[in-house]
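Visitor: My questions all concern the structure below.
The values are calculated or read from the model by the stated rules, or taken from the named source; none is laboratory data. Here the structure is a predicted model, which is why all the values come from computation and not from measurement. Here the Cβ is made from the backbone with ideal geometry for all residues, glycine too, and neighbour counts use every protein chain on show. These area figures cover heavy atoms from the full protein model, side chains too; ligands, DNA and RNA do not enter into them. Shrake-Rupley method; radii C 1.70, N 1.55, O 1.52, S 1.80 Å.
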Amino acid sequence: MITGKHYLILVFLFLSCSQGYHYKYWFFPYYEDHKIDTTDREGFAILDRYFAKDKNHIYYKENRLADIDPKSFRILNHTYFSDKKSVYYISTRTELKTNSPKAWIIIIPLDLKVWTEDKLALVPLEDSDPETFQILKNREIDTAYGTDERRLYYEGTKLEEVDKDSIRVLDSNFYDIIKTEKSIYYKGEKIQDADPGTFLLYDNYAKDKKRCYYFNTLTVHAFSCNAKDFKPLIYPNPLDSKISMDSDYAKDDASVFWQGTKIKQADAKSFTLDLEKTDCLYPGMCGKDKNFSYESGQTNNK
């Protein structure tokens, strides 16, 4: 299994091997292995790993962008930029191509060719104000959300009209969750019927006055609970016992939950994490009550 830490290491290694923009033979501009067809080679300037410009055009990776004003161009991060007209969201999607669409279904032909192509998507943000637009941050790290004085955006899509001062990025180790006066958003999707006024985020779990929520990297699962007494079970960080970490177990006064699913046979009053069990993958995986022991929410007879 690739952990978040290992994933970051792999990304770092990939980026460290990537050249981005550079020059060959001192004056021919390239992005990776793609020569840039600039209209003004002497005025060509590398701005960062992904962006470059000459007096007439802006370039993103190996692509020349149409209708972007170089004089007012401003980089916001590697996916957002602006000029005097608008704010833009830009991304590339890698697609797998083959010269034989049926190759994987019937038989692989001898002349089979497989390659990848990058598709560029450039989205002007609807009604955006370039002068006031900002990227929202979670613990000083850029999120995919942005805002101007009166609007909230996610990956180039306008989510709602809202006063910028009412927007909050909820503190989390893992997820970018946004609260406004009207809504809670996760991955650009509004969590239906969530109550912003009482919404409380732990880490994987959250609650409001009506129900509880469990977050994973793909989606959010809403479930019934006694919100007043609901809380996730915590365990000490193995690297620093002074820091507590939320487990995937939680409980209220009547029920125990694993990743937001009720464990029917668990006794809420006696249920605790089993921190003495040494064969668990991590301390927050195992629990126990007066009747059973549990691993990943599943029971094992004592």
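Visitor: For ILE141, state whether it is hydrophobic (A, V, I, L, M, F, W, C), closer than 18 Å to LEU201 by Cβ and surrounded by fewer than 13 Cβ atoms within 10 Å (Cβ to Cβ).
Guide: Judged against the criteria, ILE141 is a match.
Visitor: Among the numbered criteria (1) in a loop (DSSP other than H, G, I, E, B); (2) open to solvent by 40 Å² or more (accessible area, probe 1.4 Å); (3) in contact with an Asp or Glu (Cβ under 9 Å, 6 or more places away or on another chain), which one does THR217 miss?
Guide: Only one criterion is unmet by THR217, namely (3).
Visitor: In region 226-250, what count of residues is obtained for those that are among the charged types (D, E, K, R) and exposed (fewer than 10 other Cβ atoms within 10 Å of the Cβ)?
Guide: Of the residues in that region, 3 qualify.
Visitor: Kindly provide the set of residues from region 36-72 that are β-branched (Val, Ile, Thr), open to solvent by less than 30 Å² (accessible area, probe 1.4 Å) and out of contact with any Asp or Glu (no Cβ under 7 Å at 6 or more places or on another chain), ordered by number.
Guide: The answer is ILE58, and nothing else.
Visitor: Residues in region 157-168: is at least one in contact with a Gly (Cβ under 9 Å, 6 or more places away or on another chain) and among the charged types (D, E, K, R)?
Guide: No, region 157-168 contains no residue that is in contact with a Gly (Cβ under 9 Å, 6 or more places away or on another chain) and among the charged types (D, E, K, R).
Visitor: Looking at region 83-95, is at least one residue modelled with pLDDT under 95, assigned to a loop (DSSP other than H, G, I, E, B) and among the polar types (S, T, N, Q)?
Guide: The answer is no, given that none of the residues of region 83-95 is modelled with pLDDT under 95, assigned to a loop (DSSP other than H, G, I, E, B) and among the polar types (S, T, N, Q).
Visitor: Checking GLN19 against (1) open to solvent by 90 Å² or more (accessible area, probe 1.4 Å); (2) at pLDDT 90 or above; (3) part of a loop (DSSP other than H, G, I, E, B), which test does it fail?
Guide: (2)
Visitor: How about region 118-145: which of its residues are in contact with a Gly (Cβ under 9 Å, 6 or more places away or on another chain), in a strand (DSSP E or B) and within 15 Å of ILE167 (Cβ to Cβ)?
Guide: Selection gives GLN134, ILE135, LEU136, ALA144, TYR145.
Visitor: Just one of the numbered conditions (1) crowded, with 18+ Cβ neighbours inside 10 Å; (2) β-branched (Val, Ile, Thr); (3) within 30 Å of ASN138 (Cβ to Cβ) is not true of ILE263; which one?
Guide: Among (1) crowded, with 18+ Cβ neighbours inside 10 Å; (2) β-branched (Val, Ile, Thr); (3) within 30 Å of ASN138 (Cβ to Cβ), ILE263 violates only (3).
Visitor: Among the candidates VAL220, VAL256, single out the residue that is modelled with pLDDT of 95 or more, closer than 16 Å to LEU200 by Cβ and not polar (S, T, N, Q).
Guide: VAL220
Visitor: Considering every residue within region 159-174, establish whether at least one is modelled with pLDDT under 95, open to solvent by 60 Å² or more (accessible area, probe 1.4 Å) and either under 23 Å from SER86 (Cβ atoms) or not in a loop (DSSP other than H, G, I, E, B) (or both).
Guide: Yes; the residues of region 159-174 include at least one that is modelled with pLDDT under 95, open to solvent by 60 Å² or more (accessible area, probe 1.4 Å) and either under 23 Å from SER86 (Cβ atoms) or not in a loop (DSSP other than H, G, I, E, B) (or both).
Visitor: Mind checking which residues of region 266-289 are open to solvent by 50 Å² or more (accessible area, probe 1.4 Å) and at pLDDT below 95?
Guide: Within region 266-289, LEU275, GLU276, LYS277, THR278, ASP279, LEU281, TYR282 meet the criteria.
Visitor: Mind checking which pairs have a first residue in region 116-127 that is on the phi > 0 side of the Ramachandran plot and a second that is open to solvent by less than 70 Å² (accessible area, probe 1.4 Å), Cβ under 7 Å, 6 or more apart or different chains?
Guide: ASP127/ARG151; ASP127/LYS158
Visitor: Looking only at strands (runs of 3 or more DSSP E) that fall completely inside region 249-302, which ones have 3 or more residues that are under 33 Å from the mean Cα position of the chain (by Cα)?
Guide: The strands (runs of 3 or more DSSP E) meeting that bar are 256-258.
Visitor: Turning to a different aspect of this structure: Which residue is most open to solvent (accessible area, probe 1.4 Å), if the candidates are limited to region 190-214 and must be under 17 Å from the mean Cα position of the chain (by Cα) and either under 16 Å from VAL169 (Cβ atoms) or without any contact (Cβ under 8 Å) to a residue 12 or more places away in the chain (or both)?
Guide: LYS190
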